[in-house]
Amino acid sequence: NAGVMQNPRHLVRRRGQEARLRCSPMKGHSHVYWYRQLPEEGLKFMVYLQKENIIDESGMPKERFSAEFPKEGPSILRIQQVVRGDSAAYFCASSFGLAGGGDEQFFGPGTRLTVL
Amino acid sequence: AQSVAQPEDQVNVAEGNPLTVKCTYSVSGNPYLFWYVQYPNRGLQFLLKYITGDNLVKGSYGFEAEFNKSQTSFHLKKPSALVSDSALYFCAVRAYSGNTGKLIFGQGTTLQVKP
C-alpha cells in the first residue's frame, strides 16, 4: 500500500511565477491536510479538504494561495505570484477517518519550494 | 487558543540511557495527542497517539508516552536510546470538539543520541 505521494519533491520558482504542488493521499483516505514548515519552525496547518470540499482553510493566507481536492485526481495546493517568503517545505497528510475521530494523519515526503 | 509547547530545542542522551522529550499542551475540551518523528529531508512518521483510556501509550520503535491531564503534559519516553533514534520529534494536539482535523504542532525537539 503506497503511502502519501507528493510531487514534485523540489520546486524552484522565480518571484511572480506560480507554484503547483500535488498530493495523492493513501489509498482509501478521503481526508487531506496541507501544512507548511518554514525554516527553523514547526509545521503550521494550512487547509483541510475532503473530496470536492474545503472543510477548514483557517490557516491559508488570504491572498495568492488556493487548494482543491477534486473528485478525481490529486489534491493541488496552488500559490500564485510567489514571493521569497513562500520558500518552505509543504507537507500533505491524509487520514482515513472522519474529522471527529482520532485517526492519525499520514504524511507525505514534502515538496521543498525555493523562490529565487 | 490551542497550543503545544516543547520546552527543549535539543535533548542529548547517551546510547543505552533512557530518554524523555517533553510536551505540554493547552486546548479546550479533551485533547487528542500525537507524537511524530522527522528524519532529515523526510516527511513526518507517526509514532503514537493518545485518544482515551490508559494514560500510558505504547507506540512504534519502543517509544511510549504518558498522558497527564492535571499537568497537561504528554512526554515521550524510551527506556534505552539508540543512535538511530537521533531525529526531530514533534508533539501535536487535535481538539476533541469541532469538525476540523487540523493538528497544532510544537516547535520540535532535536534528539541527539551519542554512542
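Within the set B:Ser86, B:Ser26, the sole residue that is modelled with pLDDT of 95 or more and away from every other protein chain (no Cβ under 14 Å) turns out to be B:Ser86.
Going through A:Arg20, A:Arg36, A:Arg78 one at a time, which residue ends up being part of a strand (DSSP E or B), touching a Lys or Arg at 6+ places or on another chain (Cβ under 7 Å) and within 13 Å of chain B (Cβ to nearest Cβ)?
On the way: A:Arg20 fails: within 13 Å of chain B (Cβ to nearest Cβ); A:Arg78 fails: within 13 Å of chain B (Cβ to nearest Cβ).
Sole residue among the options that is part of a strand (DSSP E or B), touching a Lys or Arg at 6+ places or on another chain (Cβ under 7 Å) and within 13 Å of chain B (Cβ to nearest Cβ): A:Arg36.
Per this entry, A:Gly42 is not counted among residues that are closer than 18 Å to A:Ala19 by Cβ and not aliphatic (A, V, I, L, M). Which one of these does B:Val57 not meet: (1) away from chain A (no Cβ under 14 Å); (2) in a strand (DSSP E or B); (3) free of Cβ contacts under 8 Å to residues at least 24 places away in the same chain? Among (1) away from chain A (no Cβ under 14 Å); (2) in a strand (DSSP E or B); (3) free of Cβ contacts under 8 Å to residues at least 24 places away in the same chain, B:Val57 violates only (1). The residues listed here are B:Tyr32, B:Tyr36; of these, the one that is within 14 Å of A:Leu43 (Cβ to Cβ), in a strand (DSSP E or B) and facing another protein chain (nearest Cβ under 10 Å) is B:Tyr36.
Results for (1) surrounded by fewer than 19 Cβ atoms within 10 Å (Cβ to Cβ); (2) small (Gly, Ala, Ser); (3) at pLDDT below 95; (4) within 22 Å of A:Gln37 (Cα to Cα), shown as yes or no for each residue.
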{"site": "B:Glu8", "(1), (2), (3), (4)": "yes, no, no, yes"}
{"site": "B:Asp54", "(1), (2), (3), (4)": "yes, no, yes, no"}
{"site": "B:Glu66", "(1), (2), (3), (4)": "yes, no, no, no"}
{"site": "B:Ser70", "(1), (2), (3), (4)": "yes, yes, yes, no"}
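The values are calculated or read from the model by the stated rules, or taken from the named source; none is laboratory data. It should be emphasised that the depicted structure is a prediction, and the values quoted were computed from it without experimental measurement. Here the Cβ is made from the backbone with ideal geometry for all residues, glycine too, and neighbour counts use every protein chain on show.
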